[in-house]
Amino acid sequence: GWERAGRPRAPYLGRPPAAIAMAYGLAGDDDGRATWLSIIDALGVSTERLAGYGATFDAILLLHRGSPDEAHDRLAAEPEDLRRWISGLWRQWYAALKAEAAVLIGQADAGERLVRARTIATDNPIATAIVDRASALLEDDRDALLTTSAAFGAAACPYQQARTLVLAGGAERDSGVAMLTELGVAAPPLESPT
């Protein structure tokens, strides 16, 4: 419909193409991702609008691809600063992913970030499980890591469940890669940090 209307500027339509771009990226299709990112540009989506969902979707992809330093950089704003309705809607996910990136890069304040993210992620079972996973990684607690995989399963979030198994390593990594393949997601290049 947007193309039939002549591709008008419509910045309020940025979320779906941003999510689709992430999905293409997770599938390993960078050309498809680029197509959808160009649609975001054509829609005239502002940097301010992308601060919440754009950064969140990009961070998910960057973490998947084993680039936690880039994910952390993409999540440059502090979660507490995401106060406008368009960015604030993503605050829970954003805080959880920023904490996970901080843990994976060995940032000195990772423990503090986890505490802050846990407070922000309250009432969001998936964001809470991301915080729990990051905490398990920080503590090098494999059992807790596998518990978070089950939490993602209970929350009907198979991608994050599979990613957690990959992070756990060993036979669980193989199970996680198989789940990702079934979901149409490219296997991540990262090895288990635990």
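The values are calculated or read from the model by the stated rules, or taken from the named source; none is laboratory data. Here the structure is a predicted model, which is why all the values come from computation and not from measurement. Reconstructed Cβ throughout: ideal geometry from the backbone, glycine too, with neighbour counts over all protein chains shown. Just the protein is used for accessible areas: all its heavy atoms, side chains included, with ligands, DNA and RNA removed. Shrake-Rupley method; radii C 1.70, N 1.55, O 1.52, S 1.80 Å.
A few notes on this one:
- Of all residues in region 42-68, those that are more than 17 Å from ALA19 (Cβ to Cβ) have Cβ atoms under 9 Å from Cβ atoms of residues that are among the β-branched types (Val, Ile, Thr) and surrounded by fewer than 20 Cβ atoms within 10 Å (Cβ to Cβ), 6 or more apart or on another chain, in GLU48/ILE86; PRO68/ILE105.
Matching residues to (1) touching a Lys or Arg at 6+ places or on another chain (Cβ under 9 Å); (2) surrounded by fewer than 23 Cβ atoms within 10 Å (Cβ to Cβ); (3) on the phi > 0 side of the Ramachandran plot:
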position: ARG113; (1), (2), (3): yes, no, no
position: ALA117; (1), (2), (3): yes, no, no
position: ILE126; (1), (2), (3): no, yes, no
position: ALA129; (1), (2), (3): no, no, no
position: ALA134; (1), (2), (3): yes, no, no
position: ASP141; (1), (2), (3): no, yes, no
position: THR148; (1), (2), (3): yes, no, no
position: ALA151; (1), (2), (3): yes, yes, no
position: ARG173; (1), (2), (3): no, yes, no
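- Just so you know, in region 7-28 the residues that are open to solvent by 60 Å² or more (accessible area, probe 1.4 Å) and of a type outside the set (A, V, I, L, M) include one that is nearest to GLN160 (Cα to Cα), and it is TYR24.
- If you go through region 36-80 and pick out every residue that is open to solvent by less than 60 Å² (accessible area, probe 1.4 Å) and outside any helix (DSSP H, G or I), you end up with 10.
- Any hit, region 85-101, residues being free of Cβ contacts under 8 Å to residues at least 12 places away in the same chain and not aliphatic (A, V, I, L, M): yes
- Verdict on GLU78 being in contact with a Pro (Cβ under 8 Å, 6 or more places away or on another chain), closer than 20 Å to THR128 by Cβ and either modelled with pLDDT under 95 or not aliphatic (A, V, I, L, M) (or both): no
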